[in-house]
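Trainee: Submitted below is the structure of interest, expressed as structure tokens.
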Amino acid sequence: MLKMGRVSWHHADEDETVDLLQSTSDDDNVTSQRRVSNDNVRSLNLSPRVIQPSSGNKALDETKYKYSLISVLVIGIILIMMVNIGLGYRKCHNNEEQQQQAHPSKHITPAQDLCMDETTGLKFPWQKYRLPDRVEPSSYHIHLHPNFTHEDYTGQVEINITIIDTAEYVILHTRGQKILRATLTPAENSPEKQESYTATKTLFCIKNDMVAFHFNKKLKAWDKYSLLIDFSGNLTFSLGGFYLSKYKNQQGKETVIGATQFEPTDARAAFPCFDEPAYKANFSLSMVREKEVHTLFNTPLQSTTPLGGDIERDDFQPTVRMSTYLVAFIVSDFVKISNRTSTGVEVSVYASKDKLDQLNYALHFACKVLTYFEKLFKIPFPLPKMDLVAVPDFAAGAMENWGLVTYRETALLYDPMTSSVKDKQWVATVIAHELSHQWFGNLVTMEWWNDLWLNEGFASYMEFAGVNAVEPQWSIMSEFPLRHAMRAFSTDSSNFTHPITVNVTNSKEINEIFDNISYSKGACIIYMLADLLGKVFFQGVNTYLNTYKFDNAENSYLIQKVSIAARKSHPDIDIQAMMKTWTTLPGFPLVDVNLNGNKLSVSQSRFLYPTSDAQVSSSSVWHIPLSYVTDNNPMHPTKVLLDAEHAVFTLPQSVQWVKLNHNQTGYYQVNYDAAMWSQLINALNANPNAFSVSDRSGLISDAFEAARVGKLNYNEVFRLLGFISQEKMYAPIVTAVSGLRYIGHILKVQLDEEARNQLSSFTKTLFENLYEELSWKNRSSFNRNQMKLQTTITSVMCSVKHKPCIDEALLRFKQWKEEEKPIPPDDVPIVFEAASLHGTLEDWQHLWETFINSTDPNLKQKILLSVAQTTRLDKILFLQSEFLKGETIRSQDVQTLVSGLTTNLVGGTITWRFVKQHWDQIVEKISISGFAMRSIIKLCLDLITDHGEVEAARSFFISKGIGEMKSVLRNLENSEVNAYWAETRLPEVKLWLKDQSRGTKP
Ligand SMILES: [Zn+2]
């Protein structure tokens, strides 16, 4: 899945002012929401039940896991041959349960934590979060009959199961369905009599989404049965499970479609199933629908049968062996365009009819990148077709359902007339991400969610590698640190970060790790490893994929295969030991560098932003693959491994400067001694081209970070920025803007208008040359770098109130409004934002009406972000009430809305109050632990640096039951970090700005 991004222009720490792949720092990328909250879905549950408090299930204890495997070995080799690793792991649970039952007194659980069936008052026979592993599914046939008018459906699922260990109950997942009947029949080829057994007892454990069926039949190991469950459920507009989505067609007629979003734990919200990634099975589907719509599934349609009247049934071929979270189906009237890849896979892109002409780029790119991945992974795409579908209401950015990838519309549609350069890049990035998952995640799947990063980190790296392969002229790798490293650093520099591999023991925790650590840190450490090993990295990946295809794996299996592949080429590096430090330690290292003649002395420590004068210390030692270039050899890096706290490397000769982390491929930050910083800054200003584009960007970022933690004077940072007025490349400029934005943000929160104006003046002097050269100019002769830069510079100059910029933006708005003169797509957000902030009331109203009437999702998103930036109190309140009504502003767009509202203090303060007041209504619309909510919390807390307010916010979150959520703690800590920075570092910045404004820059 891809979290969503691309919205705010003011909140993006890690991207520039104008784009935005996602927001600030936390796990909360800007536009995404995800599925409905579990609690929300539960409220639909038709059986009368009570939600139980959490019992604090414990995750797998690794020692027991090993023990369990050993016992299994001792018990018998035959069993081992039949039981794969996943089953071995599940046995561990079984043993625990048997113990628990045999010696109940040793395992006393407080009564209030027990999961009880509400109707019968009986204790549920399984108290853990993970399924008991006594029963394993091999195939499902799902039969569904939805009724969009009544917003409900009936269903039947037939699951072929094998009893792995003697069981009294068959226990599986369900959420929100009414179970009508369950019957068990011995498998057709079973020696047993073909007699059906209806469940005599059906118990529910609501908090763990489980149902237990008891049959008057002894279930012995290796017996095979068919389990048939009849059920019914509701369809809601909740963005999770099997849900409804609405859109208006060109004639203004409202059309409803049915779509799914299952990852991570919502397949169970559509049909009863064994909803854990290791329970792979084959799935087939029969969907009853009205004649005027059609069904899409993971596999091609097999047949359509008329059922009389307006009703037909679509039957689909069985899937390959796969996990439940990758199953998907869509019932809609969507239209498609198709093509075949050079290797024969049929690729189709679907959307509502009026958007048909916006699908060409997605189809072109998908065909190319799918073929690229087939070659890279050396495994043909295992399905006959690949559908990509734009869904009008969609929580995440996109979802990699095998053979049927779903996207929010802005991640798939591209209109050359109205979409910007970045819109196009976003479409390519998301498609590359999802299609790489078809191998990494779908073909080989993590055993359990604790290794989610393996899926998401790899796909987040491949989104760049895939785009780079298909669109090499974009030179996109120089933007990798902007999108992933900066974002990962911002979360990972907190005390409340987590190691990349993390235990997760309930749905809330699973949801919470769809964060910057799994995605962006994961991408960074994969990039670092791939860069270190070169092509042998993919040799290891190929072996891994081939070994575990159609099965599950843990992250150590990948590292092991890569390590074997690298033995010859990198005999001196213990890859497994190295990667262990990156996957098990929280945080990341700061490398301090000292140069003395030809002696390069380096030391590492954990990078943390301070919240007080107390020294932060940590004993963590990473194995860092360092790379460096010097003034003697500026383009050819030397690579060395730092696997201790300190080390000294001898250079062949004395040099003036050393630049570590060549091309920013490593996941660490660097600080140099004062003399070397000075030399680097001199060299950079004398000849910026002595450094690669990525290295120029990296030096800016390292300097800002070193200054932020008090290791470098801000005077030096500003001196370093001197070269920026001559810079012509996108990445360094965006990095500089990001560093300045942090200072501007704190000055805004501190209400220091004088210093803000001084910072604005400084910013104008840095960028005025580029503004004159690029802004508002015809782009036809521009290369891509210039196009992206034009948007960035214009946006920055308008945001610092450069008068010619605002005047021009307002003029263009007027011409668009009065004469319908088109605005170039890349200028649209800048022009709209200027109109919203500096235009008339009528201008604002005109924007809002355009929002209401437009069917273009890209345009709507841009308008919403702009109108939300208004400082007019009545309009802010109006937007908030529109969101609650849910008619004009979709739930999926809440992040865009809040992102706009919090760009200024007026909207921000009111919005935080609004969020607190309407908390319950908001969590009915979006998941309390999902991306969107985390983003909202982050955006609101970003505007607080007052200690009393921070504590009040903490109490509020505790009262709402999320006071212990890592992302909440991280955001609260961030407010303290900002407050401490303002106290200790800001005075120096303000002094410099004052001197600068007087023309006495030191
Ligand atoms: Zn993904």
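Trainee: Kindly provide the set of residues from segment 688-734 that are more than 20 Å from THR792 (Cβ to Cβ), aliphatic (A, V, I, L, M) and not in a helix (DSSP H, G or I), ordered by number.
Mentor: VAL709, LEU712
Each row is one residue, and each column tells you yes or no for (1) crowded, with 23+ Cβ neighbours inside 10 Å; (2) part of a loop (DSSP other than H, G, I, E, B); (3) over 28 Å from the mean Cα position of the chain (by Cα); (4) hydrophobic (A, V, I, L, M, F, W, C).
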| residue | (1), (2), (3), (4) |
| --- | --- |
| TYR169 | no, no, yes, no |
| ARG175 | yes, yes, no, no |
| GLU188 | no, yes, yes, no |
| GLU192 | no, yes, yes, no |
| PHE215 | no, no, yes, yes |
| GLY233 | yes, no, yes, no |
| LEU239 | yes, yes, no, yes |
| GLN250 | no, yes, yes, no |
| THR255 | no, no, yes, no |
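Trainee: For segment 113-127, name all the residues that are without any contact (Cβ under 8 Å) to a residue 40 or more places away in the chain and either crowded, with 21+ Cβ neighbours inside 10 Å or of a type in the set (D, E, K, R) (or both).
Mentor: Within segment 113-127, just LYS123 meets the criteria.
Trainee: Taking the condition in contact with a Leu (Cβ under 8 Å, 6 or more places away or on another chain), under 28 Å from ASP856 (Cα atoms) and either more than 14 Å from the ligand (Cβ to nearest atom) or part of a helix (DSSP H, G or I) (or both), does LYS355 pass?
Mentor: Here the answer is yes, as LYS355 does meet what is asked.
Trainee: In segment 486-516, which residues are of a type in the set (A, V, I, L, M) and within 14 Å of the ligand (Cβ to nearest atom)?
Mentor: Matches in segment 486-516: ILE513 only.
Residues are listed down the side, and each one gets a yes or a no for (1) at pLDDT 95 or above; (2) over 30 Å from GLU924 (Cα atoms):
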| position | (1), (2) |
| --- | --- |
| VAL389 | yes, no |
| ASN401 | yes, no |
| THR410 | no, no |
| GLN438 | yes, yes |
| ASN442 | yes, yes |
| PHE458 | yes, yes |
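Trainee: A further question follows. Taking LEU454 as meeting all but one of (1) modelled with pLDDT under 95; (2) more than 12 Å from the ligand (Cβ to nearest atom), write down the number of the exception.
Mentor: (2)
Trainee: THR410: under 17 Å from the mean Cα position of the chain (by Cα) and either assigned to a helix (DSSP H, G or I) or closer than 21 Å to LYS561 by Cα (or both), yes or no?
Mentor: Yes, satisfied.
Trainee: Further question: Do we find that LEU370 is at pLDDT 95 or above, touching a strand residue (DSSP E or B) at 6+ places or on another chain (Cβ under 8 Å), closer than 21 Å to ASN442 by Cα and part of a helix (DSSP H, G or I) in this structure?
Mentor: yes
Trainee: For a quick check of your reading of the model, give me the residue pairs whose first member lies in segment 443-462 and is closer than 18 Å to PHE537 by Cα and hydrophobic (A, V, I, L, M, F, W, C), whose second is away from the ligand (no atom under 11 Å from the Cβ) and part of a strand (DSSP E or B), with beta-carbon atoms closer than 7 Å and at least 6 apart or on different chains.
Mentor: Listed pairs, sorted by first residue: VAL444/ASP551; VAL444/ALA553; LEU454/MET446.
Trainee: May I ask you to list the residues in segment 462-516 that are of a type in the set (Gly, Ala, Ser) and closer than 19 Å to LEU972 by Cα?
Mentor: Listed by number, the residues that qualify are ALA488, SER490, SER493, SER494.
Trainee: Does at least one position in segment 394-403 carry a residue that is buried (at least 23 other Cβ atoms within 10 Å of the Cβ), more than 13 Å from the ligand (Cβ to nearest atom) and not in a loop (DSSP other than H, G, I, E, B)?
Mentor: No, segment 394-403 contains no residue that is buried (at least 23 other Cβ atoms within 10 Å of the Cβ), more than 13 Å from the ligand (Cβ to nearest atom) and not in a loop (DSSP other than H, G, I, E, B).
Trainee: Also, I was wondering about something else. What helices (runs of 4 or more DSSP H) lie completely within segment 441-526 and have 3 or more residues being of a type outside the set (D, E, K, R) and in contact with a Gly (Cβ under 7 Å, 6 or more places away or on another chain)?
Mentor: Helices (runs of 4 or more DSSP H) meeting the threshold: 452-470.
Trainee: Same structure again: Condition check: at negative phi and without any contact (Cβ under 8 Å) to a residue 24 or more places away in the chain. Does ALA952 satisfy that?
Mentor: So ALA952 fits the description; yes.
Trainee: Specify which of the listed residues (GLN750, GLN726) is farther than 24 Å from PRO481 by Cβ and out of contact with any His (no Cβ under 8 Å at 6 or more places or on another chain).
Mentor: Only one candidate qualifies: GLN750.
Trainee: Could you figure out which of (1) away from the ligand (no atom under 14 Å from the Cβ); (2) surrounded by 24 or more Cβ atoms within 10 Å (Cβ to Cβ) isn't true of TYR461?
Mentor: Exception for TYR461: condition (1).
Trainee: Among the residues of segment 637-669, write down those that are small (Gly, Ala, Ser) and modelled with pLDDT of 95 or more.
Mentor: Correct list: ALA644, ALA647, GLY666.
Trainee: Please work out which residue is farthest from THR319 (Cα to Cα), limiting yourself to segment 407-443 and to residues that are of a type in the set (Ser, Thr, Tyr) and within 16 Å of the ligand (Cβ to nearest atom).
Mentor: Among them, the one singled out is THR429.
Trainee: If you go through segment 552-594 one residue at a time, how many are among the hydroxyl-bearing types (Ser, Thr, Tyr) and not in a helix (DSSP H, G or I)?
Mentor: The qualifying residues number 1.
Trainee: Next question, about the same structure. Can you run down the residue pairs with Cβ atoms below 9 Å, 6 or more apart or on separate chains, where the first is in segment 624-651 and under 18 Å from ALA577 (Cβ atoms) and the partner is among the polar types (S, T, N, Q) and assigned to a loop (DSSP other than H, G, I, E, B)?
Mentor: Here the result reads PRO625/THR665; LEU626/ASN661; GLU645/SER619, each pair linking segment 624-651 to a residue that is among the polar types (S, T, N, Q) and assigned to a loop (DSSP other than H, G, I, E, B).
Trainee: I've got another one for you. Would you confirm whether any residue within segment 529-541 is hydrophobic (A, V, I, L, M, F, W, C), within 16 Å of the ligand (Cβ to nearest atom) and more than 24 Å from ILE700 (Cβ to Cβ)?
Mentor: Within segment 529-541, not a single residue is hydrophobic (A, V, I, L, M, F, W, C), within 16 Å of the ligand (Cβ to nearest atom) and more than 24 Å from ILE700 (Cβ to Cβ).
The values are calculated or read from the model by the stated rules, or taken from the named source; none is laboratory data. Predicted model only: the values in this text are computed from it and were never measured. Neighbour counts run over all protein chains shown; Cβ positions are idealised from the backbone, glycine included.
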